[in-house]
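Accompanying notes for the structure given below.
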Amino acid sequence: MSAVGMIVLVGCADVAPPRSGSINTPAASGTPAIGELIGQGTVLQKDNEPPQFCLGGVAESYPPQCTGPVLRGWDWSTVDQFESASGVTWGAYAVQGTWDGSEFTRTGDPIPLSLYDTMPFVDPRLAEGSTGDGDEHQLTSIQAELSAARQPDVLESWISNGFLVITVPFDDGAIQQSLDEQYGQNLIIVQSVLRPAP
């Protein structure tokens, strides 16, 4: 993953009304994790603001622009491979820490992504030959509906083989269950960007 990348835009279409008049989905940012997690993303700090751990898309600008949860315990003097321009400091890292539901606290030594040997993650629900039950129009409508509601905290989303795939900071299963109950099984795949640390 590079320090800069394209923002994934949510598609628009004729939006079906919410199934129950509102999106009854727990906020992704509200689910704390038990144990330590590891995430890959851009750490970005503007002036004297707290650093952020950008887990989704990063705007291709100089300096780059992105948002993410506050990253506690970060110290630029202890890491390599970062840049600074116009009051912004940033770099791309794998960071291990704890997630309290809204903020990420570093516990391990960050590793620049250029040196990080990541293991590819393949969701078994997207394995070759697997297909979801959704059609393009239905999934695009759900995608736009979730984007407008801003619940859960969707970082990126795309349609693949009959599924709407969404990434969130962390899900312990509650977000997946809630969306399955609201929209039906085999339509939406929720993937956590923060994963259990090895």
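A few remarks follow.
- Placing a pseudo-label 7 Å from each Cα along the Cα-to-Cβ vector at S147 and S130 gives an inter-label distance of 2.5 nm.
- Estimated FRET transfer efficiency when R0 is 25 angstrom, pair T118-D75 (beta carbons, to 0.05): 0.60
- The stretch 64-198 - percent of accessible surface contributed by carbon and sulfur, probe 1.4 Å: 47 percent
- The stretch 122-188 - percent relative contact order, Cα under 8 Å, separation 6 or more: 33 percent
- Pairwise Cα distances in the stretch 48-198 exceed 20 Å in 56 percent of cases.
- Note on the stretch 117-168: Kirkwood hydrodynamic radius from all Cα pairs is 12.1 Å, rounded to one decimal.
The values are calculated or read from the model by the stated rules, or taken from the named source; none is laboratory data. Just so we're clear, the structure is a prediction, and the values are computed from it rather than from any experiment. Using ideal geometry, Cβ is built from the backbone for each residue, glycine included, and neighbour counts are taken over all protein chains shown. Heavy atoms of the whole protein, side chains included, go into the accessibility calculation; ligands, DNA and RNA do not. Shrake-Rupley method; radii C 1.70, N 1.55, O 1.52, S 1.80 Å.
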